[in-house]
Each structure stands twice: as structure tokens, then as C-alpha cells.
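This report refers to the structure that appears directly beneath it.
Throughout, read-outs are computed from the coordinates displayed, never taken from laboratory work. Bear in mind that the values here come from a model prediction, so they are computed numbers and not experimental data. Every residue, glycine among them, receives a Cβ derived from its backbone with ideal geometry; neighbour counts consider all protein chains shown.
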Amino acid sequence: MSSSEPILSVRNVSKSFGAVQALNQVSFDVHAGQVVALAGDNGAGKSTIIKAISGVFHHDVGDILLGGKPIDFATPHEARANGIETIYQDLALADNLSIGENIFLGREPKRKLFGVLPILDRKAMAEAAQGAMASLDFHVTRLDAPAGAFSGGQRQAIAIGRAIYWNARLVIMDEPTAALGVPEQRRVLALVKNLRGQGKGIIFISHNLRDIFEVADEIVVFRRGENAGVRKPSEATHEDIVRLMVGG
Amino acid sequence: MTITAATPTGSLPHPVIIWIAQLRAWVFLCLLIVSFEIWARAAEGTSFIFNIYNIQSIAVFATAPLLLALGQTFVIISSGIDLSLGFVMGLSSVIAAHASNYVTARYGVPPFAGMLLAILAGTLIAFVPGLVNGLLIAHLQIPPFIGTLGMYGVARGAAYLFAGGMTVAIDNPWFSAIGNGRVYGVPVLVIITAATCLVMHYMLSQTRFGQHTYAFGASKVAARRAGINVKRLTVKIYLLSALGAGLAGAMYTGRFTAGAAQAGEPLLLDSIAAVVIGGASLFGGSGTIWGTIAGALVIAVIQYGLVFINVEPFWQFIAVGAVIIVSVLVDQAQRGLTGGREVE
């Protein structure tokens with residue numbers, strides 16, 4: 001896998017907020033069909049690096065390459081337009097809108113009524129929602145139901161469905177299992193594997209080492225804004241990772 | 001690979017039941033009319049609703065609060081509130097009257113063109129308070145309740161100052177005809193209000209602007225993360241509600257052949273009540289134009305109907321107040337029924 005050109009390449013990226021050095025010379029790659037887990041204690045720089053990638057803020061030094069080209073997006077919207085989809089812990093779904101309306105939020109398709117009056121194409125939204133959810137092995141029984149009527153794991157699936165529909169190349173998942181019960185956590189991990197099977201590059205952030213060991217192909221450990229090491233789950237134990245996280 | 005059925009948690013009722021639940025304000029309106037009809041026949045021996053004069057009166061009665069309530073619907077769906085609408089309407093009414101007099105006296109503009117210019121001036125002056133409301137709320141993060149409460153005072157003072165503390169009489173037969181004329185028995189005011197309803201319904205249900213208003217009202221974070229320019233959206237919403245009040249003000253001037261600063265004073269709370277009776281939640285994220293129309297008609301029927309059956313007029317405040325409370329209770333029950341999340 002590592003022989004192919006990476007989708008995302010982070011090269012010696014640094015970022016400071018005033019006197020605080022949040023990131024110091026951080027590097028890692030994400031390939032197509034690869035899950036890269038970012039591990040580290042609170043304040044280690046995991047959130048900072050994904051915010052730099054997803055356009056929430058700019059980095060100071062170093063390069064972030066997407067498909068070989070350097071990027072420095074001004075807004076998350078711009079990052080999404082270029083195939084980077086971020087799925088947040090607290091989901092960011094509008095609970096009063098249907099699955100289709102959520103997938104298309106901000107990019108709604110239109111059709112012409114009687115050939116003149118532009119109106120929202122709700123049928124196209126519902127059909128696309130059904131398709132995107134089916135590719136995640138979710139058969140949606142009620143496309144008119146508001147997103148708020150679904151369970152936590154199903155709502156994660158909607159957010160992931162949005163990434164699939166918009167053909168994201170890179171999906172960033174920030175603590176996707178944090179707010180879920182155990183059965184739902186299993187379901188979301190299955191979704192992550194499904195996404196990998198579809199050839200997406202995935203950055204997976206979690207506090208839960210068990211989750212990381214289950215889905216990750218590579219674990220990049222951060223400590224105090226620096227690369228503390230890279231391990232493959234098959235060649236490392238939980239203790240190895242923890243040791244890298246805390247130092248020593 | 002296992003196929004998982006994504007069924008909404010809790011049982012979601014049949015779409016038809018949800019549809020009826022959303023139209024409950026219309027059901028209530030019908031029950032109300034039937035009750036008044038029975039009472040009118042039993043007590044007075046006359047018909048309440050099979051009486052063209054009553055229908056016309058109720059419809060005209062409903063136009064002013066409805067014009068305020070249409071824009072208020074967008075504001076409330078976005079989880080805001082616009083308290084300035086009553087006096088924005090008054091300001092517009094005064095400016096429309098002055099404009100009508102000014103263009104006639106100064107430039108000798110013919111009555112028809114004078115009427116158009118006056119309505120335009122009255123509606124467009126509302127742009128100013130609407131824009132200020134939007135900018136305060138979107139860019140300076142002032143809570144809608146406070147920002148529009150401030151504008152309530154500013155618009156009130158400005159309206160009385162422009163009016164010189166009096167009403168501003170107009171003398172333009174066309175302007176008066178807009179407020180009092182009929183086309184094939186249908187009051188012109190009702191035609192204008194109905195057309196405004198159609199435009200507002202289209203904007204809310206069929207455009208990205210409307211869709212984003214719903215999303216923003218349910219989750220500001222979701223709307224922002226979806227790439228929606230939420231600041232511009234907020235400004236647009238408050239502009240729209242102010243323009244509706246501006247039109248209402250100009251219509252008032254035509255109807256009473258005078259501009260008055262206090263034109264919309266009693267209508268602000270009616271406009272909010274109409275939106276709430278129509279099924280919108282004050283927490284944001286839900287509501288429809290159809291519901292608001294029914295809500296405004298419910299209020300108009302209660303107010304007119306109680307007078308018609310010779311009940312002391314003060315009872316209408318109690319009746320409308322009770323209806324508001326009951327609609328909120330029904331709304332909460334329906335939320336539980338249709339599986340929406342509880343607002344904590």
C-alpha cells in the first residue's frame with residue numbers, strides 16, 4: 001500500500017498559538033484504502049492537525065499535500081469542495097431535516113417546476129440518500145423521517161453517507177465512537193472498514209485504543225505536538241502505544 | 001456483509017398522521033367556525049359563516065397580523081424573534097402617508113403613480129430597521145430578543161417623530177382603493193396578502209434560503225459546518241420580516257387613509273401568536289407558512305366571532321391567550337408522538 005502515491009501527505013508541519021507550540025515538525029501520510037489512527041493524550045496536537053487539514057485554520061510552516069498538490073484551505077467549505085470531509089463527534093446534523101436533506105445541506109439540488117420555477121428536488125435528495133446509505137449496508141425504511149429520529153450509530157452513518165455521496169477522497173473522523181453505546185460502537189467500526197473498502201483515505205481519531213487496534217492500518221502517536229512514533233497494530237501492543245503517548 | 005435496516009428509533013407514525021398533525025391549526029380553525037355557526041344559529045337565528053360580509057370582514061381583519069406573521073415565521077423557525085415588527089409597521093405607515101402627500105403636493109404626480117410610490121417608500125423604509133436588526137444579531141452576536149427590543153424603541157420613536165405625534169391623513173383615491181376596494185367581491189387587501197403568502201410559502205419550502213433557515217434553527221453548528229453563510233442568512237431573515245411589516249404599514253395607510261405610528265402596536269403579539277398557533281416551535285427548526293395562515297385566521301375568527309355572538313369584547317384576549325397555551329401543549333405532545341428529540 002505504501003508504494004502508491006499518498007492521498008494526503010503532511011510534511012514537517014508546525015503551528016503555534018502565541019507562545020504555545022501546538023504542532024512541531026509533524027509528518028505522516030494517508031493512502032487510499034488506509035485507516036491512519038492518530039493517538040495521543042489531550043493537547044498532543046491531534047485536533048490541531050486535523051483542523052489545519054480541514055481548513056479551520058492555517059498552519060505556519062511545512063506542507064500539506066493533497067494528491068501531491070500543496071493545500072492551505074481558508075474555510076472548511078473549501079476543503080469539502082476538494083474532497084476532504086470531516087465527521088465530528090457531535091455530528092453536525094440538522095435533526096429536523098431528513099437524511100437526504102442533511103446529505104445535501106448547503107448544496108441542495110434543484111429542478112424546474114413547469115419548466116420555469118426553480119424548486120428543491122426532494123426526490124433526487126431522497127434517492128441519493130437511499131443509495132449512499134445502501135452502500136453502507138443501511139437499508140433506510142423511512143426516508144421522510146427527520147435525522148433526530150435515528151439512533152446515535154445510525155446518525156454517524158448519515159454523516160458518513162454524506163462523505164460517500166460527495167465522493168470524499170479523505171474522511172476525517174474525530175472521536176466517532178465517543179458518544180455511543182457498545183453495540184453502536186461496533187456498528188461504526190464496521191462503517192469505517194466499509195469506507196476503507198471503498199478506497200477512501202481515513203484519519204481516525206480516538207481515545208479508545210481497542211477501537212484503534214481494531215480498525216487502524218497505522219497508528220501515528222503524538223506527544224506534545226510532536227511525532228512520537230508510528231506503529232502498525234500487528235507489530236505493537238497497547239502498552240507500546242501508551243508508552244509512546246506518555247513518553248519514557 | 002449484513003444488511004441493516006435503519007429504522008427510526010421509537011415508532012414513527014404513518015406519514016398521513018404526521019401530515020394531519022402538522023395541519024392541526026386548520027382542523028382547529030374548522031372546529032372553531034362550526035362552533036360559532038352552531039352558537040349563531042341557536043342564539044341569534046342567523047348564520048355565521050354563510051354570510052359574505054362576515055367572510056370579507058374576517059379576511060380583511062386577518063391581513064395585517066398575517067403580513068407581520070409571515071416574516072415572523074422565518075424568524076421563529078431560525079430560533080429568533082422579531083419584537084420590532086409592530087413599530088416598523090407604524091414607521092412604514094407614516095412614511096407611506098408622507099410620501100403620498102409629498103409627491104402629489106410637490107411634483108403633482110397623478111394619484112395612481114402616487115399610490116405606487118407611496119407603497120414603495122413605505123415598504124422600503126423598513127429595509128433600514130431590518131438591516132440593522134440583522135447586522136446586530138449576525139455580526140455583533142446580540143440576542144434577537146434584545147436587538148429587536150432595541151429596534152422596537154428606535155422605530156417607535158422615529159415613527160412618532162416623523163408623524164409629529166399625530167396621524168398623517170392622505171388624500172389619494174387610488175391609495176384608499178387599495179385599502180378598501182374589492183375585485184369581484186374580493187377585498188384588494190386580501191388579494192395582496194394572499195399573493196404575499198404564496199411568495200413566502202415558496203421561499204420557505206422550495207428554496208435553499210428556506211431550507212437553510214430550517215437547518216439554522218435546528219442546529220447553528222450544523223448549518224455553519226455545512227458551509228452555509230449563516231451571517232448573511234440571518235441578515236436576510238430579519239430583512240424579510242421587516243419588509244413584510246413595511247408592506248403591512250403601507251396597506252394600513254391605504255385602509256384608514258392615514259398613516260399612524262401606533263398602526264402595528266397591538267399586532268406584534270398577534271403575529272407571534274399566529275406563528276405559534278400555526279405549529280411553529282419557539283425553540284426553532286419547525287413551522288410552515290400554511291400553519292401561520294391558519295393561526296392568523298384562528299385569531300381573526302375568535303376576535304370577530306365573539307363580537308358577532310355578542311360576547312363582551314374583552315373575552316377575546318382570554319380566548320386567544322388560552323389558544324396559544326393549548327397550541328404549545330399540543331405541539332409538545334406531537335413532538336413526543338412523531339419522534340422528534342426533546343429540547344433540553
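Overview of values
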| quantity | calculated |
| --- | --- |
| The stretch B:197-264 - Rg (one decimal) and Dmax (whole number), Cα, Å | 15.8, 50 |
| Sequence-distant aspartates and glutamates (8 or more away, or on other chains) whose Cα lies within less than 14 Å of A:Lys15 | A:Asp60, A:Asp63, A:Asp72, A:Glu226 |
| Qualifying trypsin sites (Lys or Arg not before Pro) for the stretch A:153-248 [loop in DSSP, other Cβ within 10 Å: at most 16] | A:Arg224 |
| Electrostatic dipole magnitude of the stretch B:160-255 [Cβ: Lys, Arg +1; Asp, Glu -1; Cα centre; debye, to 20] | 640 |
| Of all DSSP beta bridges in the protein assembly as shown, antiparallel share, percent nearest 5 | 55 |
| Simple label model, 7 Å out from Cα along Cβ direction - B:His14 to B:Ser47, nm | 3.4 |
| At q = 0.10, 0.13, 0.14 Å⁻¹, base-10 log of I(q)/I(0) for chain B (Debye sum, equal scatterers on each alpha carbon) | -0.63, -1.01, -1.14 |
| Per-pair calculated FRET efficiency, R0 = 51 Å: B:Leu116 and B:Trp39 via Cβ, rounded to 0.05 | 0.70 |
| Debye log10 I(q)/I(0) for the stretch B:217-327, one point scatterer per Cα, at q = 0.14, 0.17, 0.18 Å⁻¹ | -0.74, -0.99, -1.06 |
| Two-site label geometry, A:Arg224 and B:Arg106: point separation in nm, points 7 Å out along Cα→Cβ | 7.3 |
| Positive-end extreme of charge dipole, chain B - chosen from B:Asn229, B:Ile119, B:Pro144 (charges on Cβ) | B:Asn229 |
| Projected label distance in nm at B:Lys231 and A:Ala124, using a 7 Å step from Cα toward the beta-carbon | 3.1 |
| Dipole axis of the protein assembly as shown (+1 Lys, Arg; -1 Asp, Glu on Cβ), positive-most option in A:Ser14, B:Pro110, A:Gly83 | B:Pro110 |
| B:Phe209-B:Ile146 FRET efficiency (beta carbon distance; Förster radius 30 Å; 0.05 resolution) | 0.75 |
| Cα-centred dipole magnitude for chain A, charges only on beta-carbon of K, R (+1) and D, E (-1), debye, nearest 20 | 480 |
| With at most 11 other Cβ atoms within 10 Å, longest stretch of chain B clear of loop chymotrypsin sites (Phe, Trp or Tyr not before Pro) (DSSP) | B:51-183 |
| Relative contact order (percent, whole number), the stretch B:85-224, Cα cutoff 8 Å, 6+ residue spacing | 26 |
| Pairs beyond 26 Å (Cα-Cα), from A:Lys69/B:Lys220; A:Lys51/A:Lys123; A:Lys46/A:Lys232 | A:Lys69/B:Lys220; A:Lys51/A:Lys123 |
| Shielding score for A:93-101, defined as the mean number of other chain Cβ atoms within 10 Å | 6 |
| Efficiency of FRET from Cβ geometry, A:His238 and A:Leu117, R₀ 51 Å, rounded to 0.05 | 0.25 |
| Hz values of 3J(HN,Hα) by residue in the stretch A:13-18 - Karplus curve (6.51, -1.76, 1.60), Gly and Pro given as x | 7, 10, 7, 10, 10, x |
| Unit charges on C-beta of K, R, D, E only; dipole of the protein assembly as shown, Debye | 800 |
| Convex hull projection area averaged over all views, the protein assembly as shown, Cα basis, nm² | 32.8 |
